[in-house]
Every structure is written in C-alpha cells, then in structure tokens.
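First up is the structure itself, then whatever we jot down about it.
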Amino acid sequence: MKSRCFFYKKKNYSIVSNGVVTKKSYSNIALIKYWGKRKNKIQIPMNSSISYSLEKVYTVTKLIYSLKEIKKKRSIKIFFSGKEKTNFLPKIFEFFHRISFYCSYLRYFNFVIKTDNTFPHSSGIASSASSMSALALCIMEIEKKLDSSLKEAFFLKKASFLARLGSGSACRSIYPGLVVWGKHKSIKGSNNLYSIPYPYKIHPIFKKIWDTILVIDEEPKKILSSKGHQLMNHHPYAKERLKFANRNMDQLISILKIGDFPKFGELIEHESLNLHAMIMTSNPYFLWMRPNTLHVLHKVWDFRKQSKKNIYFTLDAGANVHLLYPIQEKKVIIRWIYSELIYYCKKIIESFCQ
Ligand code: PMV
C-alpha cells in the first residue's frame, strides 16, 4: 500500500490556463457494507467493503476552471440539472479543503461545477458516490493536463484517493465491476486509502448480474450516513460487526470463485440486515425500513421459495431495495417484479452490475 504522501506533489506549474473537463462516474451498490470510520482519522473505514458499480446509474460532471489570483479566496459555483445549488457548497468547500494538500494546483483556479444524474433526483438513491467520484475524476483530468507524465494507473488510484475524501463509498465508484475498499488480510493490495478492482477469480455468473432498484421512499434520509458512521464509535456491537464483515468477505471470495449464487444471495441479505440491525441498535436509534420495504422482502422470500429463482435483495442506508439476480433469469423475474412489486414502490430503476 502507498502512504498518503504518495499522492502529494509539490510542483510549481508554469503553464496554467482556463479550461473545461467532463467526466462520468457510476453509483455503486455494496455487497459488504462500509459502516463505521476509524476514530480521529479522515475517512478511514472500520472494515473493508466490496461493491458492484451500476452501469446505468451515473453522474456526468463538467468542471469549468478559470484563473484567479493565488492570494484571493476561491470562488465555487455548483449547478445541478441546470439549477444553482448553494446548499451543496459547504460539502464541496470542505472537499476542496481536504484535497488541497494533494492538489496544489487548485490554488490557481475558481470553479464552476455543472452536474447531472441519469437517475431521478428525488429517488433516495445515494448520489454522493457518483457525484464525488465524478468530481475527483475531473480534478485528476486537470492534473493530467498540467503534468503530461502522469500514468493511467496513478490517475485512477489518486482519483479514488481523492473521491474517498469526499465520501467514503465514492472511492469504489472509480472502477467498473467489483471493487474493494479497505484493508482485508485475504485481499492482496486492499487498503484503506483507495479502492482496487477485485483482484481474484470471478465465476461467469457474477459477471452478468442485474440490479432492479425499488424506490420505496423518495424523501431524503432522516439520518445521514455520516452520522450513522459516527454512531459506530460507541456502538455496543461494533466489535462483532467488524468480525462479521471480515468473515463475510472471506466467504464471499470463495463464493465468487465457485459461482454459488444461493450462497451469494444469502450472504448479501444477511449482510444488509446486519447493517440495518446496527442502526436500529445505535444510540440514538433509527429505522430505515418502511412498511413497504418489509412487504417487498417477504414477497421476495415467498417468490424465491415457490419459483426456485435466484433473486436476492440488498439494502443500503435507507428504505429502498436492490434486487440482484443473474441476467439469464431476468425474463421471468422482471415480469414478476412488475406484476407483484410495483404497488409497493414509487419508481423502479434498472441497471446492469457491470
Ligand atoms: O460513503 P458514505 O459515507 O455515504 O457511506 C455509505 C455507507 C453505505 O452505503 C451504507 C454502505 C456502502 O458501503 O456503500
């Protein structure tokens, strides 16, 4: 693993000018969830996590940069779907503050950020992963323009490192496919500073997975994930959660290799219920699920038992349900979803786990 200093470059860039860069980045759904940060560290996870990037659920960000006087305060404007969003600014300023040590060239510029999502705005789908990673990729694109010797592998590693400082799970959105973040003894190259593409054998069944996202609640979350992470610091079950997540990762490695879909499905369901159990038993406590979430979970269990189809769920930090299944079984499953589950949700979003 590289140390943080690996990403620091003290350089005086002689040829700087105005410019525009545009980048796209995916949202992701974690199979083993990142939950909890190490105390007194910036965005260092308690446990390692792994996710699929979602091909059809992404953000496109255009970053316009213009020269300013170095000593003058930086100005940033942000537009989301064409509308100026001043309420996003504190998070963005905090992000630029955190990364400025590693990207000294930022001091030359003012910025205008124009961003758009492919998924509906009020869908309860976390956009911080795709938006922070798209922004990190834009910043690296500027670095590349200033330093032509920059290699592709470094570009991606540093983009992931920067994205992490914006939002932890965003660092996994830099790569397609299965991506790991956080040190795990069984995964070579895994580390806490940036993500890596999953480095081991993946059975073909796990290369063609479909995700149907059931949007059950469109309202913004009552408790932000940043607060939820904090609550793990004094959580009575934190140690057990860490052991559970580590064991799940070990099991997942062999499941991914042999291609056992039912085992995979049981593991992701158990893991997501474990995440929800953590928030229900924190102090203060919260409940992310809504009545329709529970209806859907029971329906999925009943349908699976009776049809023998490989359909399993995972949950994020909210009420929405991700249904994962092999693409070969899509025809029957999707017909069932649209006839039986449509009543429980506000929207349905489809994506290939690429
Ligand atoms: O990246 P954050 O701070 O929004 O945390 C994300 C946490 C989960 O979505 C619940 C799990 C994960 O690994 O994506």
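General remarks:
- Contact annotation: residue pairs with Cβ atoms under 6 Å, 6 or more positions apart or on different chains, pairing a residue in region 219-242 that is at pLDDT 90 or above with a partner that is more than 12 Å from the ligand (Cβ to nearest atom), are 231/282; 232/238; 233/39; 235/282.
- Here residue 67 fulfils each of the conditions (1) surrounded by fewer than 24 Cβ atoms within 10 Å (Cβ to Cβ); (2) within 16 Å of the ligand (Cβ to nearest atom); (3) among the aliphatic types (A, V, I, L, M) apart from (2).
- Selection count where residues are more than 14 Å from residue 280 (Cα to Cα) and either of a type in the set (Val, Ile, Thr) or away from the ligand (no atom under 11 Å from the Cβ) (or both), scope region 222-233: 1
- Here residue 47 clears all of (1) more than 15 Å from residue 170 (Cβ to Cβ); (2) at pLDDT 95 or above; (3) more than 16 Å from the ligand (Cβ to nearest atom) except the condition numbered (3).
- Taking the criterion of being within 21 Å of the chain's Cα centre (by Cα) and of a type in the set (Gly, Ala, Ser), the only residue of region 65-97 that qualifies is 81.
- Region 1-118 holds strands (runs of 3 or more DSSP E) entirely within its bounds, and those carrying 1 or more residues that are closer than 30 Å to residue 208 by Cβ and touching a helix residue (DSSP H, G or I) at 6+ places or on another chain (Cβ under 8 Å) map to 19-32, 49-67, 109-117.
- Residue within region 266-275 that is small (Gly, Ala, Ser), within 25 Å of residue 53 (Cβ to Cβ) and open to solvent by 10 Å² or more (accessible area, probe 1.4 Å) present: no
- Matching option when the condition is touching a residue at least 12 places away in the same chain (Cβ under 8 Å), open to solvent by 80 Å² or more (accessible area, probe 1.4 Å) and of a type outside the set (Gly, Ala, Ser), among 24, 37: 24
- Of the criteria (1) more than 14 Å from the ligand (Cβ to nearest atom); (2) assigned to a loop (DSSP other than H, G, I, E, B); (3) modelled with pLDDT of 95 or more; (4) touching a helix residue (DSSP H, G or I) at 6+ places or on another chain (Cβ under 6 Å), which one residue 158 fails: (2)
The values are calculated or read from the model by the stated rules, or taken from the named source; none is laboratory data. Bear in mind the structure is a predicted one, so any value in this text is a computation, not a measurement. Every residue, glycine among them, receives a Cβ derived from its backbone with ideal geometry; neighbour counts consider all protein chains shown. The protein model used for the area step is the full one, side chains on, heavy atoms only, and it has no ligands, DNA or RNA in it. Shrake-Rupley method; radii C 1.70, N 1.55, O 1.52, S 1.80 Å.
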